[in-house]
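Only one structure is covered here, and it is reproduced in the block below.
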Amino acid sequence: MNKENDTTEYMNIPEINKGKSEIYSLVDIAISFTASDLILSAGSIPTMRVDGKLLPIYEKPRLTPGYIEKLVNMLINDDHKKELKEKKEVDFSYSFKDKAFLRINVFYQKGVLSCVIRIIPGGIKDFDDLNLPSIIKKFSYENHGLVLVTGPSGCGKSTTIAAILEEVNRTRSVHILTIEDPIEYVFKPKQSIIDQRELKRDTLLYSNALKSSFREDFDVIFIGELRDRESIEAALNIAESGHLVFSTIHSIDAVSAPDRIINFFPADMHGPVRNQLSNVLLGIVAQKLLPKVDGGRIPAVEVMLNNQAVKNIIRDGKTDQLKNVIQISGDIGMISFEKSINELIKCGKVIKQ
């Protein structure tokens, strides 16, 4: 992360330094391999995930419960210790040498501590660097509505959202509000004002932050994850009130995301929720990471735009028809996973499997 892109001065995020030598060295090694995660578990050796595969950092010795506790104590502060004691798990963030942000989860298993560190590369990449289709960038210029990015854990949902928000920040004079758990990418204000709120540090409850957002005069909001009925209701209502809403949700593809949302509600509410979703939805982006021919991974992307056909299908609950609409609507920018993967194969970026 070069000085121009260094945003740590805008956020009070602690940094891992060489005084914490053991954990510092492990994270440094993982970053040098462009690992996405570092896993520290008692009885196992330190392991990193590279291109979706687990690789040992060294062959031995295996980690003892006492040594993991020592590593964890290098990271957690008094507030983290209190939460860990009460809840048996805790999440928090660190920055690392201007190279990366670390999303750290400490938890108990079989009565001893384990730790997983998600490594998020420093700096926000643009659409070309991420190999994302240009149609996704167009969501940045909308004034109101709901945009969802979906896919399994670790598929780059937050990275895609960050690219979209950075395009808003770069090109528009608006107030952007984010509610995250935890913050993964830190934005430096450009054309926009950006307020980033992190759960537990800036707000005690997700629900409180969502309710409070209506008094915070924002134009664009990023809700880190639609994790329950309350957050979904908030996203739909905020979009309906004339704001631009971005969020993530877990589903295997764009087609299944509407039902995923609707099924958070009791059956007698499905009709009204379908109607509201069909009215506010702008589009859904689904992605999964595929191994590249020359190493690393690249996203395959499915894009569903809310045209009249999609709107009618969602409203009427006939979501089994969405796949066909995506396949025949390439002329307006819709992309199926099949088309995206075939393009990557054709360009020689991935191998047909």
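What follows draws every value from the coordinates through simple rules; no lab data is involved. All values derive from a computational prediction rather than experimental measurement. Please note: Cβ atoms are built from the backbone with ideal geometry, for glycine as well, and neighbour counts cover all protein chains shown.
Near Glu166, within a Cβ-to-Cβ distance under 12 Å, what is the net charge of the other residues, with Lys and Arg +1 and Asp and Glu -1? Here the count lands on +3.
Once the other residues with Cβ under 13 Å from the Cβ of Ile326 are scored (Lys, Arg +1; Asp, Glu -1), what is the net sum?
On the way: positive: Lys323, Lys339; negative: Asp253, Glu302, Asp320, Asp331, Glu338.
Result for the neighbourhood of Ile326: -3.
In the chain, taking the dipole from charged Cβ atoms about the Cα centre, the farthest positive-side position among Gly271, Cys115, Leu205 is held by Cys115.
Dipole check for the chain: with +1 at the C-beta of Lys and Arg, -1 at the C-beta of Asp and Glu, and the Cα centre as origin, the magnitude is about 820 Debye.
Once the other residues with Cβ under 10 Å from the Cβ of Ser140 are scored (Lys, Arg +1; Asp, Glu -1), what is the net sum? The partial results should precede the final answer.
Details: positive: Lys137, Lys138, Arg170, Arg172; negative: Glu142, Glu166, Glu167.
Net local charge, Ser140 excluded: +1.
Two numbers describe the Cα atoms of the chain: Rg and Dmax, which are 20.9, 60 Å.
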